[in-house]
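The values are calculated or read from the model by the stated rules, or taken from the named source; none is laboratory data. Here the structure is a predicted model, which is why all the values come from computation and not from measurement. Cβ: placed from backbone, ideal geometry, glycine included. Neighbour counts: every protein chain shown.
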Amino acid sequence: MELGDLVNQVSGFDDAPPREKILLFAWFLHTHRSREIVDVPQIRACFSDLHIADPSVSKYVSRMVEYGELVKAKGGFKLERTARNALDAKYGVHYTVVQVSRLLGDLPGKVPDLAEKNFLSEAIRCYRIEAYRACIVMTWNLAYSHLLHWILSDATRLSDFNIAIGQRFPRRSSTQVSAYDSFLEEFKESEVIEICSTAGLLNSNVIRLLREKLGKRNTAAHPASVIVVQSQADDVITDLVNNVVLSLR
């Protein structure tokens, strides 16, 4: 894990007092840089890497040793056991969490539509607070919105979609899509996927992925005794972001 990835997970990091930042940096150096002993220059380097002015690290470290938050050691200091255990519990996340957080965090500049940005913003917030049901729903909304805008953005794709409506659903052959809201008013999400398949707009792998992820969205969205965990959210996010949001340009 990189230092920037860690602080991006910390709510209110920028407003945190220097003491809390020093504890976090010491934990980062112990855990992710395998430093048994941490010293003042290494902590200063963490501040510098994040473009934060040195808050007089040596003065804070001396006080924190005195208060028992840091334990003095030859060549520097260590995090006191209780402080380290607390940070382990709070930020000792699995590598996949870092990867998914980075994947979502890199998206804002790549989704131009305001609605997509709003869906993305909510998906990120839900993931960070471990609201995995809501995260799956919002990630689906992001990918589905992106798909609709992708169809509308090209006249040939839109024409192919409209032709395929009657081929897939003969009784609705008079229905034509001309705007974003037309999709929402005329079709279920599953029907849009099937029309895209008939029109050849998406390959069979993406169609299969969308069907599967829509099913997972439905499971997450409806009241049920099924428990939704982080790994399920990771699966939905990585598949939809990589194969829909980033691939359909």
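List the helices (runs of 4 or more DSSP H) that sit entirely inside the stretch 104-220 and contain at least 2 residues that are modelled with pLDDT of 95 or more, under 17 Å from the mean Cα position of the chain (by Cα) and under 30 Å from G12 (Cβ atoms).
Because the criterion is at least 2 residues that are modelled with pLDDT of 95 or more, under 17 Å from the mean Cα position of the chain (by Cα) and under 30 Å from G12 (Cβ atoms), the helices (runs of 4 or more DSSP H) in the stretch 104-220 that meet it are 132-152.
Residues N218, N243: which one is farther than 26 Å from S159 by Cα and either surrounded by 13 or more Cβ atoms within 10 Å (Cβ to Cβ) or small (G, A, S) (or both)?
Step by step, each of N218, N243 is checked, and only N218 is farther than 26 Å from S159 by Cα and either surrounded by 13 or more Cβ atoms within 10 Å (Cβ to Cβ) or small (G, A, S) (or both).
Does the stretch 76-92 contain at least one residue that is surrounded by 20 or more Cβ atoms within 10 Å (Cβ to Cβ) and within 24 Å of L214 (Cβ to Cβ)?
No: zero hits.
Could you check, for the stretch 120-131, whether at least one of its residues is over 19 Å from G200 (Cβ atoms), without any contact (Cβ under 8 Å) to a residue 12 or more places away in the chain and β-branched (V, I, T)?
yes
Give all pairs with beta carbons closer than 8 Å in which a residue from the stretch 161-181 that is touching a residue at least 40 places away in the same chain (Cβ under 8 Å) meets a residue that is surrounded by 15 or more Cβ atoms within 10 Å (Cβ to Cβ); count only pairs at least 6 apart in sequence or on separate chains.
That search, which allows pairs on different chains as well, returns F161/I151; F161/V177; F161/I195; F161/C196; F161/A199; F161/L201.
Can you tell me how many residues within the stretch 221-249 are of a type in the set (S, T, Y) and assigned to a loop (DSSP other than H, G, I, E, B)?
The number of residues fulfilling the criteria is 2.
Taking the residues in the stretch 195-210 that are surrounded by fewer than 20 Cβ atoms within 10 Å (Cβ to Cβ) and β-branched (V, I, T) as candidates, determine which candidate is farthest from N162 (Cα to Cα).
Across the stretch 195-210, the extreme among qualifying residues is V206.
Would you mind stating whether K21 is surrounded by fewer than 14 Cβ atoms within 10 Å (Cβ to Cβ) and either of a type in the set (A, V, I, L, M) or not assigned by TED's automatic domain parsing to the domain that holds C135 (or both)?
no
Grab the helices (runs of 4 or more DSSP H) fully contained in the stretch 1-90, keeping just those with 1 or more residues being more than 30 Å from I129 (Cα to Cα), over 26 Å from the mean Cα position of the chain (by Cα) and acidic (D, E).
Those helices (runs of 4 or more DSSP H) span 57-66.
Here is a check on your reading of the model: is H51 of a type outside the set (A, V, I, L, M) and at pLDDT 90 or above?
Considered against the rule, which asks whether it is of a type outside the set (A, V, I, L, M) and at pLDDT 90 or above, H51 comes out as yes.
Select, from A115, A73, the only residue that is farther than 24 Å from Q230 by Cβ and in the same structural domain as S153 (by TED's automatic domain parsing).
Only one candidate qualifies: A115.
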